[in-house]
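One structure is given here, and the rest of the page talks about it.
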Amino acid sequence: MSDFLQHVINGLSAGTIYALVALGYTMVYGVLKLINFAHGDVMMMGTYVGYASALQFKQRGGFGMASVLAIFFLSMAACAAVGWLIERFAYRPLREKPKLTALITAIGISFAVSYGFQMDWGFLPGPNPRAFPEVIRRQPWLTLLDGEVTLWNWQVISFAVALGLMAGLQYLVFRTRFGRAMRAVSHDHRTAALLGIHTDRVIAVTFMLGSALAAGAGILFAIKDVKIEPLMGTQQGLKAFVAAVIGGIGNVPGAVVGAVLLGLVEEFVVGYTASSWRDAVAFGFLILVLLLRPEGLFGRVTAEKV
Amino acid sequence: MSAPASDVLLEARSASIVFGGLKALSEFSLTVRKGELLGLIGPNGAGKTTAFNVLTGVYQPTSGEVRVCGERVNGMRPFQVNRRGLARTFQNIRLFKSLTALDNVKVACLAETHPLFSRARVESLQRSGLRPLATALDAANDYYDWWRALLLTPGFQAEEEALTAKALALLEVMGLAGRAHEEARNLPYGEQRRLEIARALGTRPKVLLLDEPAAGMNTREKAELMVLIGQLRDRFGLGILVIEHDMKLVMGICERITVLDHGETIAAGTGAEVRANPKVVEAYLGDAPAPGAGGAA
């Protein structure tokens with residue numbers, strides 16, 4: 001029982017972080033019908049920006065509430081800028097070209113970034129893993145069942161940050177003028193343009209939002225796993241992509257549910273079998289969902305016109 | 001709007017478009033003035049929707065020009081043409097199906113917002129050749145607006161309420177007041193057509209282009225819709241251009257009619273003039289029922 005509860009806690013904590021990354025995939029897919037394979041690498045860049053700023057704060061005497069907020073803010077702002085650059089210079093010129101062209105470009109950017117970061121020229125970090133500074137001192141926040149189940153403080157913070165960002169996104173998408181424009185563009189960007197909506201700007205901001213969420217997720221990952229390396233984006237990005245597909249790509253609540261399910265499944269596999277089974281089961285779960293419900297759990301069945 | 005020249009809201013001058021050697025539209029000229037209701041008719045494939053696409057900036061004319069309120073819009077993108085005062089509906093309904101009727105209209109109500117830099121200022125900068133600056137100010141407007149929404153400033157909330165009120169008023173004009181919170185996809189066909197008009201009106205157009213607004217409606221519904229369209233023109237002081245297959249309806253409400261066939265303008269004038277034109281008779285007899293027979297679909 002205590003094991004089970006601990007696994008649920010750990011699974012939810014991993015799942016909410018996946019959810020932040022999955023939201024970026026699903027939002028960009030929503031407006032562009034493009035799988036942005038560089039998204040995981042944007043997350044990795046955000047983590048490194050967080051790492052660099054954390055080192056600065058560490059030299060200046062430790063971490064307070066303000067410095068942790070500043071780390072999140074800097075990394076999210078940097079990633080929003082990176083997202084804008086990628087959209088503006090890599091995807092926008094291909095807007096009217098076949099979708100496959102943009103998809104291959106996305107894969108190209110992903111490789112360029114993840115392998116580029118393994119160089120050790122100038123500011124690039126080089127291939128060796130780094131340890132993310134302990135920006136939040138790890139302490140049990142709550143212990144249950146005579147100390148057999150621990151809810152850590154960083155897990156609580158990670159929950160709170162992830163849920164806060166998701167709630168903000170939900171509000172933005174469903175309650176604001178930008179969200180309405182985004183949903184309209186997602187539905188039919190040509191019609192939206194004929195109603196006076198600057199569709200390119202809506203798409204650019206969607207990229208920036210998705211990238212900022214990924215940066216937030218990257219720092220939460222780094223707080224959880226400590227180890228960061230240039231290839232982390234590929235693995236975590238792929239997992240988050242799986243989560244978005246399980247939930248039904250293009251669907252905001254679907255991405256969250258898919259990510260939490262994936263987090264729980266992985267944690268149970270690690271807890272009850274062997275950790276080497278984790279990825280096999282995660283992708284097996286994807287195949288199962290796609291076989292039974294190809295549109296994803298929350299996706300809408302669309303009839304292809306022939 | 002006292003001088004007659006400024007009454008011209010939409011003007012096409014010899015606009016032509018060629019697709020791979022095929023002249024889809026040739027030497028298309030048309031003038032829509034404030035308060036006018038014009039008809040654009042022709043057999044299937046005559047180029048009517050192509051003409052709409054050229055007017056709204058979806059296609060760039062190969063030659064000739066289009067002017068909206070006196071300003072040349074060739075080379076502008078559809079959203080820019082729309083902001084100059086031109087709105088349209090679509091032959092195949094193109095609502096945002098998963099949005100509510102209210103949200104469909106609110107999406108279009110961009111002109112209701114109170115930007116950081118006024119639209120007039122942005123447009124005058126654009127006219128005077130300072131395009132990058134105009135674009136930057138326009139972008140600043142959008143980003144400012146979106147941040148305000150996120151930070152929930154009181155001004156934003158008041159504006160949002162005004163926007164909802166405006167959109168509800170438009171729904172009411174189109175007889176959709178009770179449908180505001182239904183998803184567009186769930187509305188009956190005739191109501192979807194009217195919702196498209198409400199959405200187009202949300203952009204505060206000066207000219208409204210309606211692409212077969214009565215398609216798929218029965219005779220009574222069509223007649224009601226045409227009366228409604230006449231009322232919209234009077235109420236909002238619009239110029240309206242309607243594509244319609246049903247000659248009888250067009251003759252009934254439109255002051256002037258342009259007839260297209262194979263991309264060529266084969267006749268233009270009042271209903272009686274057009275009906276008497278042998279070319280029109282020929283074009284229609286070769287395709288569908290004769291002019292005046294009505295009900296061609």
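The values are calculated or read from the model by the stated rules, or taken from the named source; none is laboratory data. Everything quoted here is computed from the prediction, not taken from an experiment. Positions of Cβ are generated from backbone atoms using ideal geometry, with glycine treated the same way; all protein chains shown enter the neighbour counts.
If we scan the range B:6-14, do we find a residue that is in a loop (DSSP other than H, G, I, E, B), of a type outside the set (Asp, Glu) and at pLDDT below 90? Among the residues of the range B:6-14, not one is in a loop (DSSP other than H, G, I, E, B), of a type outside the set (Asp, Glu) and at pLDDT below 90, which makes the answer no. Go through the range A:174-185 and give me each residue that's facing chain B (nearest Cβ under 7 Å) and part of a helix (DSSP H, G or I). Result: A:ARG177, A:PHE178, A:ARG180, A:ALA181, A:ARG183, A:ALA184.
In the range B:237-267, the residue that is nearest to the chain's Cα centre (by Cα) out of those that are small (Gly, Ala, Ser) and either over 13 Å from B:ILE41 (Cα atoms) or surrounded by fewer than 18 Cβ atoms within 10 Å (Cβ to Cβ) (or both) is B:GLY239.
Out of all the residues in the range B:60-78, which are in a loop (DSSP other than H, G, I, E, B) and more than 12 Å from chain A (Cβ to nearest Cβ)? Passing the criteria: B:GLN60, B:PRO61, B:THR62, B:CYS69, B:GLY70, B:VAL73, B:ASN74, B:GLY75.
How many of the residues in the range B:214-248 are polar (S, T, N, Q) and over 17 Å from B:VAL173 (Cβ atoms)?
Residues flagged as polar (S, T, N, Q) and over 17 Å from B:VAL173 (Cβ atoms) within the range B:214-248 amount to 2.
When you check A:ALA77 against the structure, is it under 23 Å from A:THR206 (Cα atoms) and surrounded by 18 or more Cβ atoms within 10 Å (Cβ to Cβ), yes or no? No: the conditions fail for A:ALA77.
Name the single residue, out of those in the range B:49-59 being assigned to a loop (DSSP other than H, G, I, E, B) and within 12 Å of the chain's Cα centre (by Cα), that is nearest to the other protein chains (Cβ to nearest Cβ).
Quick first cut of the range B:49-59, residues assigned to a loop (DSSP other than H, G, I, E, B) only: B:56-59.
Then drop every residue that is not within 12 Å of the chain's Cα centre (by Cα), which leaves B:56-57.
Working: B:THR56: 6, B:GLY57: 8 Å.
Selected residue: B:THR56.
Looking only at residues of the range B:94-140 that are assigned to a loop (DSSP other than H, G, I, E, B) and either of a type in the set (D, E, K, R) or at the interface with chain A (Cβ under 10 Å from one of its Cβ atoms) (or both), we find that the one that is farthest from B:LEU9 (Cα to Cα) is B:SER98.
Residue check: is B:ARG88 within 29 Å of B:ALA167 (Cα to Cα), basic (Lys, Arg), buried (at least 24 other Cβ atoms within 10 Å of the Cβ) and within 14 Å of chain A (Cβ to nearest Cβ)?
Working: within 29 Å of B:ALA167 (Cα to Cα): yes; basic (Lys, Arg): yes; buried (at least 24 other Cβ atoms within 10 Å of the Cβ): yes; within 14 Å of chain A (Cβ to nearest Cβ): yes.
Judged against the criteria, B:ARG88 is a match.
Could you check, for the range A:292-305, whether at least one of its residues is in a helix (DSSP H, G or I) and surrounded by fewer than 16 Cβ atoms within 10 Å (Cβ to Cβ)? Yes, some residue in the range A:292-305 is in a helix (DSSP H, G or I) and surrounded by fewer than 16 Cβ atoms within 10 Å (Cβ to Cβ). Here A:LEU213 clears all of (1) under 30 Å from B:THR203 (Cβ atoms); (2) of a type outside the set (Lys, Arg); (3) under 21 Å from the mean Cα position of the chain (by Cα) except the condition numbered (1).
Sort through B:GLU65, B:GLU71 and tell me the only one that's surrounded by fewer than 21 Cβ atoms within 10 Å (Cβ to Cβ), over 30 Å from B:GLY190 (Cα atoms), at pLDDT 90 or above and in contact with a Lys or Arg (Cβ under 8 Å, 6 or more places away or on another chain).
Working: B:GLU71 fails: at pLDDT 90 or above.
Result: B:GLU65 is the single residue among B:GLU65, B:GLU71 that is surrounded by fewer than 21 Cβ atoms within 10 Å (Cβ to Cβ), over 30 Å from B:GLY190 (Cα atoms), at pLDDT 90 or above and in contact with a Lys or Arg (Cβ under 8 Å, 6 or more places away or on another chain).
If you check B:LEU30 against the conditions, is it within 16 Å of the chain's Cα centre (by Cα) and more than 14 Å from every other protein chain (Cβ to nearest Cβ)? Even if it seems obvious, please write down each step before you answer.
Working: within 16 Å of the chain's Cα centre (by Cα): yes; more than 14 Å from every other protein chain (Cβ to nearest Cβ): yes.
Against the criterion (within 16 Å of the chain's Cα centre (by Cα) and more than 14 Å from every other protein chain (Cβ to nearest Cβ)), B:LEU30 qualifies.
Condition check for A:TYR29 on (1) among the hydroxyl-bearing types (Ser, Thr, Tyr); (2) closer than 16 Å to A:LEU213 by Cα; (3) touching a helix residue (DSSP H, G or I) at 6+ places or on another chain (Cβ under 7 Å): one failure, at (3). The single condition among (1) more than 8 Å from every other protein chain (Cβ to nearest Cβ); (2) among the small types (Gly, Ala, Ser); (3) free of Cβ contacts under 8 Å to residues at least 24 places away in the same chain that A:GLY168 does not meet is (1). Within the range A:134-188, the residues that satisfy the criterion of being small (Gly, Ala, Ser) and within 20 Å of A:ILE71 (Cβ to Cβ) are A:SER158, A:ALA160, A:ALA162, A:GLY164, A:GLY168. Of all residues in the range B:184-201, those that are closer than 16 Å to B:MET226 by Cα and part of a helix (DSSP H, G or I) have Cβ atoms under 6 Å from Cβ atoms of residues that are at pLDDT 90 or above and of a type in the set (Ser, Thr, Tyr), 6 or more apart or on another chain, in B:GLU196/B:THR89; B:ILE197/B:THR89.
Filtering A:ALA222, A:ALA160 for residues that are in contact with a strand residue (DSSP E or B) (Cβ under 6 Å, 6 or more places away or on another chain), assigned to a helix (DSSP H, G or I) and away from chain B (no Cβ under 14 Å) leaves a single hit, A:ALA222.
Cβ separations smaller than 7 Å between residues 6+ apart or across chains give no pair from the range A:1-24 residues that are closer than 30 Å to A:PHE207 by Cβ and modelled with pLDDT of 90 or more to residues that are among the hydrophobic types (A, V, I, L, M, F, W, C) and outside any helix (DSSP H, G or I).
Scanning the range B:202-238 for residues that are acidic (Asp, Glu), assigned to a helix (DSSP H, G or I) and touching a residue at least 40 places away in the same chain (Cβ under 8 Å) turns up just one, B:ASP234.
A:GLY210 falls short on exactly one of the conditions (1) within 14 Å of another protein chain (Cβ to nearest Cβ); (2) closer than 29 Å to A:GLU295 by Cβ, and that condition is (1). Restricting A:ASP188, A:ASP146 to residues that are out of contact with any Ser or Thr (no Cβ under 6 Å at 6 or more places or on another chain), away from chain B (no Cβ under 11 Å) and among the charged types (D, E, K, R) narrows the list to A:ASP146.
Which one is farthest from A:PRO133 (Cα to Cα) among residues in the range A:228-277 that are part of a loop (DSSP other than H, G, I, E, B) and without any contact (Cβ under 8 Å) to a residue 40 or more places away in the chain?
Filtering the range A:228-277 for residues that are part of a loop (DSSP other than H, G, I, E, B) and without any contact (Cβ under 8 Å) to a residue 40 or more places away in the chain, the one farthest from A:PRO133 (Cα to Cα) comes out as A:THR273.
Evaluating A:THR199 against the criteria (1) in contact with a helix residue (DSSP H, G or I) (Cβ under 6 Å, 6 or more places away or on another chain); (2) within 14 Å of chain B (Cβ to nearest Cβ); (3) farther than 30 Å from B:ARG204 by Cα leaves one unmet condition, (3). Within the range B:174-183, the set of residues being charged (D, E, K, R) and either assigned to a loop (DSSP other than H, G, I, E, B) or within 13 Å of chain A (Cβ to nearest Cβ) (or both) comprises B:GLU182, B:GLU183.
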